[in-house]
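These notes concern the structure reproduced below.
The values are calculated or read from the model by the stated rules, or taken from the named source; none is laboratory data. Since this is a predicted model, take the numbers as computed values, not measurements. Virtual Cβ from ideal backbone geometry, glycine too; neighbours counted across all protein chains shown.
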Amino acid sequence: MNIEEILSQLKSEDSTFPRKALKAAISQREEITPHLLKIIENVNHDSSELLNRERDLSLIYAMFLLAQFREPSAYPLIVTLVSKNEQVVEDLLGDLVTEDLGRMLASVYDGRLELIQELIENHSLYEYVRTAAIKCLTILVAHKLLPREVVINYFRLLFNSKLKKDGSYVWTSLVCESTNLCPKELEIEIRKTFEADLIEPFFINLKDVEKSLKTNINQSLSSLRKNHHYSLINNTIAEIEGWACFKHEPSKKTISTEEVAPSFSGLFKKTNTSNKKLKKSQNKKKGFG
């Protein structure tokens, strides 16, 4: 299958999962990469055309493939993409924002921490983009791509000065992700945040934090690396093939305990929708591993 044929199938509005096209894209990584980057660039320039093609998932395929390829050129493009207004981001990416964006950003991270920080600190952005960026930092630490001390020190700045005390879910996410890192250094800040009533107790409470404080840091990070929700993107086909928008037989994949047991992340249940780009209701569901 040549590049033109691959791109044609990836842009198709057919409900058939484009397995052959994705396999061909993966086997022709070097040749297809500029075209995948171009898909994101085009949407960044003008998203209206893609929004009018309701079942065209080429943007999502491109993001997953580039994440699997560990393509650093995709990093600033994705940051620009998710910096659009909330409605556009929801319509373009749907559940991907809460499900996979943090993992994608970590997978294509090019070392420029300031781009993630800008997402987190921009109060005008979609709050779940900001929480995905916070989660990205935890993933980078778990996979030894960023020192834990760097993230802990940055989280301290967020607690103390860089976030508005507005009660947004960003605060809950910050506490959740701090807790994943066994935040002995942040205990005072976390307790103050609970005292200020900025945390949604449905997702995490002080007992959860106190339990984490007693956990060995290396053991906690090792557990995160085994947790699918904190993994890097490694297999585009496996990530996407089970989505309900495709015509397929029910999946018989066996998932390990580590994959389904969420950490303190405010995870969201993937909804069975026929179109990932339609506006999603914010059905948050959390469980603790």
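Consider the range 96-111 and keep the residues that are surrounded by fewer than 22 Cβ atoms within 10 Å (Cβ to Cβ) and charged (D, E, K, R). The one that is nearest to Thr236 (Cα to Cα) is Glu99.
Looking across the range 86-126, the residues that are at pLDDT 95 or above and in a loop (DSSP other than H, G, I, E, B) come down to Asp100, Tyr109, Asp110, Gly111, Arg112, Asn122, His123, Ser124, Leu125, Tyr126. Just for the range 155-188: of the residues that are touching a residue at least 60 places away in the same chain (Cβ under 8 Å) and under 19 Å from Leu113 (Cβ atoms), which one is surrounded by the most Cβ atoms within 10 Å (Cβ to Cβ)? Result: Ser173.
Taken over the range 4-35, the residue count meeting the criterion of being under 19 Å from Arg53 (Cβ atoms) and basic (Lys, Arg) is 1. When Val209 is tested against (1) modelled with pLDDT of 50 or more; (2) buried (at least 18 other Cβ atoms within 10 Å of the Cβ); (3) under 23 Å from Leu66 (Cα atoms), only condition (3) is not met.
For Asn216, the requirement of being surrounded by fewer than 19 Cβ atoms within 10 Å (Cβ to Cβ) and in contact (Cβ under 8 Å) with a residue 12 or more places away in the chain is met.
Restricting the search to the range 65-85, which residues are in a loop (DSSP other than H, G, I, E, B) and over 17 Å from Asn42 (Cβ atoms)?
Phe69, Arg70, Pro72, Asn85
The single residue among Ala62, Ala24 that is under 16 Å from Thr236 (Cα atoms), free of Cβ contacts under 8 Å to residues at least 24 places away in the same chain and surrounded by 14 or more Cβ atoms within 10 Å (Cβ to Cβ) turns out to be Ala24. With respect to the conditions (1) without any contact (Cβ under 8 Å) to a residue 40 or more places away in the chain; (2) assigned to a helix (DSSP H, G or I), Leu50 lacks only one, and its number is (1).
Of everything listed in (1) assigned to a loop (DSSP other than H, G, I, E, B); (2) charged (D, E, K, R); (3) under 23 Å from the mean Cα position of the chain (by Cα), the single unmet condition for Asp197 is (3).
Can you tell me which residue among Lys184, Lys207 is over 22 Å from Asn122 (Cα atoms) and out of contact with any helix residue (DSSP H, G or I) (no Cβ under 9 Å at 6 or more places or on another chain)?
Values: Lys184 fails: out of contact with any helix residue (DSSP H, G or I) (no Cβ under 9 Å at 6 or more places or on another chain).
Matching residue, one of Lys184, Lys207: Lys207.
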